[in-house]
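Q: Input: one structure, supplied below.
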Amino acid sequence: MISWILGGILVIWCLVKRFGEDGKVEGEPFGMPIGTVRALITILIVAFPFSYLIIVEEIPSLITNAIFILVAFYFQARKGGAEKLKRIVKEVKNPELFEIEEKRRKYPVYLPKYSVRIILISMLALILIINSFGPQISFVATDTLLDLFLIISLFVIGALFGAIGDYIERKNIKEQISEMENYQSISKYEIIEKLAQQKPSWWKQKGRSFLSLAVLTAVITSLICYTIEWDYMLLTLPFYEFSLRETLLLLINVYYGYRD
């Protein structure tokens, strides 16, 4: 229940900020700051064990796995090289304008810089403190080689799709540069500035929003299934069983690999 309350508050907050004055971020899923969907997913899952602490029940192993993996992925995530390069160019060309833009810059969930990381650390610490002085529920994680292989494989698949997208984007950028008039006589700063001023492609505007919505829906559906303790067996193999709620939760690894 705590997870749903916190998630609901954050979603309402994001919607209010998104449709408020100057709240839209061009080229990002739902027009929200980069990393917002990943932040919401991670916070939802990290907050989920509170319900089990209240009712004194063992936390499902896959939820524990997801917490370890998503927090690790989230904290190691960094801005892409292209984003860093754009910011460096702006800083070199116009330091004063760059400083103004940095102050106006929007961070995940429309919160101040590092807020999401602080929230995650605080929730993890609170879970440990409550559990230490309360029910003392064991955090059991599945640690078989097959589970690890499956998680890594899904992450790699997502990263592969991301790499293909990056390759296509680099190819398009090269073509755009070659089509610029007198591109050999203008500076690299001006080339980057011209490219940055172009409108995002359809995929950047809509496609990633659809993908983010699909993954967010899958995570919420999975957590609802865990909440009401309902599941459905999708596929049974000699070496592994794929249930609905676990499969939906595992899709996060693909998304994190793609967006990494």
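Each value in this text was obtained by applying a stated rule to the coordinates, not by laboratory testing. All values reported here derive from a predicted model rather than from experimental measurement. Quick reminder, even Gly has a Cβ in these numbers, built from the backbone with ideal geometry, and neighbours come from all protein chains shown.
Q: Show me, for the range 36-53, the HN-Hα J-couplings you get by feeding each phi into the Karplus relation (A = 6.51, B = -1.76, C = 1.60, θ = phi - 60°), rounded to Hz, glycine and proline as x.
A: Along the range 36-53, the couplings run 5, 5, 4, 5, 4, 4, 5, 5, 4, 6, 5, 7, 4, x, 4, 4, 6, 5 Hz.
Q: Multiplying the sequence separation of Val156 and Ala125 by 0.36 nm and subtracting their Cα-Cα distance, what value in nm do you get?
A: Numbers: separation 31, 0.36 × 31 = 11.16 nm, distance 3.01 nm.
Contour length minus the Cα-Cα distance gives 8.1 nm.
Q: Amide H of Ile59: which non-local residues (sequence gap of 5 or more, or other chain) have their own amide H closer than 5 Å, using H built in the peptide plane?
A: Residues meeting the amide H criterion: Val140.
Q: I would also like to ask the following. Kindly state, to the nearest 0.05, the FRET efficiency for Lys171 paired with Thr217, given R0 = 25 Å and r defined as their beta-carbon distance. Walk me through the numbers before you get to the answer.
A: Numbers: r = 32 Å, r/R0 = 1.26.
Taking R0 as 25 Å, the efficiency between Lys171 and Thr217 is 0.20.
Q: Next up: For a protection proxy built on the mean count of beta-carbon atoms within 10 angstrom, sort 151-163, 36-48, 222-234 highest first, please.
A: 36-48, 151-163, 222-234
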